[in-house]
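To start, the structure under review is shown below, and the notes come after it.
The values are calculated or read from the model by the stated rules, or taken from the named source; none is laboratory data. Note that this is a predicted model, so its numbers are computed, not measured. Note that we place each Cβ from the backbone using ideal geometry, even for glycine, and neighbour counts take in every protein chain shown. The area values use the complete protein model at the heavy-atom level, side chains included, leaving out ligands, DNA and RNA. Shrake-Rupley method; radii C 1.70, N 1.55, O 1.52, S 1.80 Å.
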Amino acid sequence: MTEPGKKKILFLPKYPRKGASSRLRTYQFLPLWSAQGVGYTVCPFFTDTYLNAIYANKKPSYLHVLGCYWRRLKILLSAGKYDLICIEKELFPYLPAFPEWMLSRLKGYWVDYDDAVFHNYDRGKYSLVSRLMPKKIDRVMQWADLVTAGSAYLMQRAEAAGAKQVVQLPTVIDPKRYQKKVHEQKATLTIGWIGSPSTRKYLNALVPVWERLHRKFDLVLLLINEKSKPPFPGNVQTIPWTEAGEAAALLRLDVGIMPLPDDPWERGKCAYKLIQYMACGLPVVASPVGMNAEVVRHGVNGFLAQSEDEWVDALSLLIHDCGLRKAMGEKGYQVVRERYTQQHNFSVMHRLLHIPENQKPENA
């Protein structure tokens with residue numbers, strides 16, 4: 001139970017810890033809130049059961065999804081006992097923003113974005129939703145006391161929506177979980193990718209690139225968190241993802257990649273793959289889309305590649321030159337520790353929310 005006088009926060013993430021966006025934007029900071037003596041309750045909208053079905057390419061039952069809406073409604077009825085309400089993206093997916101409007105007048109809230117979810121409404125697959133509420137997320141942003149966003153593209157949308165206060169909070173890592181790669185000259189290099197099953201489709205654009213590299217070099221393509229193999233020639237390996245094992249899995253790579261199409265949804269992505277690669281001292285090659293172009297300094301800590309030839313040239317340079325891999329990896333490692341750490345973001349959040357530091361720790 002929270003002591004009288006202590007700040008109490010209600011966190012309303014979209015997913016439980018297994019969902020990457022919620023794990024990185026909410027759950028990884030909970031020990032830091034506890035260490036500051038802040039009490040909190042965390043109530044995700046969806047459940048592990050829902051996520052397990054999605055990741056298995058199955059459709060969750062309608063009754064289960066309805067239960068998610070009911071649980072969110074019940075927790076909102078207790079919102080008055082909290083000092084701060086933090087919402088990830090929105091309160092109720094695919095419903096009008098009336099609950100956010102009510103909350104803004106009764107209590108206020110902070111809303112956080114790491115994806116361009118507004119395109120689910122203005123460019124979404126459900127035509128009725130797009131016709132009836134294309135500006136839903138703009139309203140959620142406008143009514144919020146604070147909008148935090150993981151990329152410049154998301155910030156621009158919030159500012160255009162008329163949000164009162166907009167602050168960029170990139171998606172970050174806990175540096176204590178990552179070790180630096182020791183680069184060595186070797187005959188077979190491993191180029192790798194980490195991501196959710198829904199983003200594996202982005203690798204398909206690199207099939208011609210991998211075909212050309214396969215004819216010239218002895219390579220392994222390693223996919224972390226993927227069971228199926230794309231139609232690449234050569235040695236393609238897959239390993240399952242676990243939160244405990246992802247940092248060790250990244251050390252098996254020599255180069256990290258992040259291809260993206262230059263489309264509206266992808267422009268809102270927060271380059272987390274690149275930040276993870278760099279946290280391990282890996283050089284990177286990425287599409288110049290959205291925040292990728294902010295994180296990668298072309299020719300310094302990696303390469304930005306758009307065309308097939310640019311991808312082949314960039315990867316060929318890194319395959320040939322162990323010294324270049326090491327130098328770029330070191331630059332990326334330094335950038336992550338300067339700008340993309342858990343503690344850096346937490347310090348910013350602490351100031352924004354006007355929470356006194358060094359409160360007596362307690363169990364939340």
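Observations
- Only Cα pairs under 8 Å and 6+ residues apart enter the sum, and on that basis the relative contact order of the stretch 36-102 stands at 27 percent.
- In the stretch 43-91, the chymotrypsin sites (Phe, Trp or Tyr not before Pro) that fall in loop regions by DSSP, at most 16 other Cβ within 10 Å: none
- Protein accessible area in the stretch 2-71, 1.4 Å probe - carbon and sulfur %: 61 percent
- Mean ellipticity per residue at 222 nm, deg cm²/dmol - from DSSP H runs of n ≥ 4 across the chain, formula -39500 (n - 2.57): -11000 deg cm²/dmol
- With at most 13 other Cβ atoms within 10 Å, longest stretch of the chain clear of loop GluC sites (Glu not before Pro) (DSSP): 1-183
- Among the trypsin sites (Lys or Arg not before Pro) in the stretch 23-70, those located in a DSSP loop and surrounded by at most 16 other Cβ atoms within 10 Å of their own Cβ are 58.
- Pairwise Cα separations in the stretch 1-70 fall into 5 Å bins from 0 onward with the following percentages, short to long: 3, 16, 22, 20, 15, 11, 8, 5, 1, 0.
- Counting only alpha carbon atoms, the long axis of helix 62-76 and the longest principal axis of the chain meet at about 60°.
- Accessible surface for the chain, divided over its residues, is 45 Å² per residue with a 1.4 Å probe.
- Alpha-carbon centroid distance for the pair the stretch 273-308 / the stretch 125-169, whole angstrom: 27 Å
- Cα point-scatterer Debye curve for the stretch 222-280, base-10 log of I(q)/I(0) at q = 0.14 Å⁻¹: -0.47
- Under 24 Å of direct C-alpha separation, and excluding same-chain neighbours fewer than eight residues apart, residue 180 reaches these lysines: 273, 326, 331.
- For the stretch 60-90 versus the stretch 184-245, the inter-centroid distance based on Cα atoms is 38 Å.
- Sequence-distant contacts, meaning Cα pairs under 8 Å at least 6 residues apart, place the relative contact order of the stretch 132-177 at 38 percent.
- The value of relative contact order for the chain, using C-alpha pairs under 8 Å at least six residues apart, is 17 percent.
- When you filter the chymotrypsin sites (Phe, Trp or Tyr not before Pro) in the stretch 124-188 for DSSP loop state and at most 14 other Cβ atoms inside 10 Å of their Cβ, you are left with 126.
- Solvent exposure of residue 307, expressed as accessible area, is near 50 Å², computed with a probe of 1.4 Å over the protein chains only.
- The string of couplings for the stretch 281-294 from the Karplus curve (6.51, -1.76, 1.60, θ = phi - 60°) is x, 9, x, 9, 10, 8, 6, x, 10, x, 6, 3, 6, 7 Hz, one whole number per residue in order, with x for Gly and Pro.
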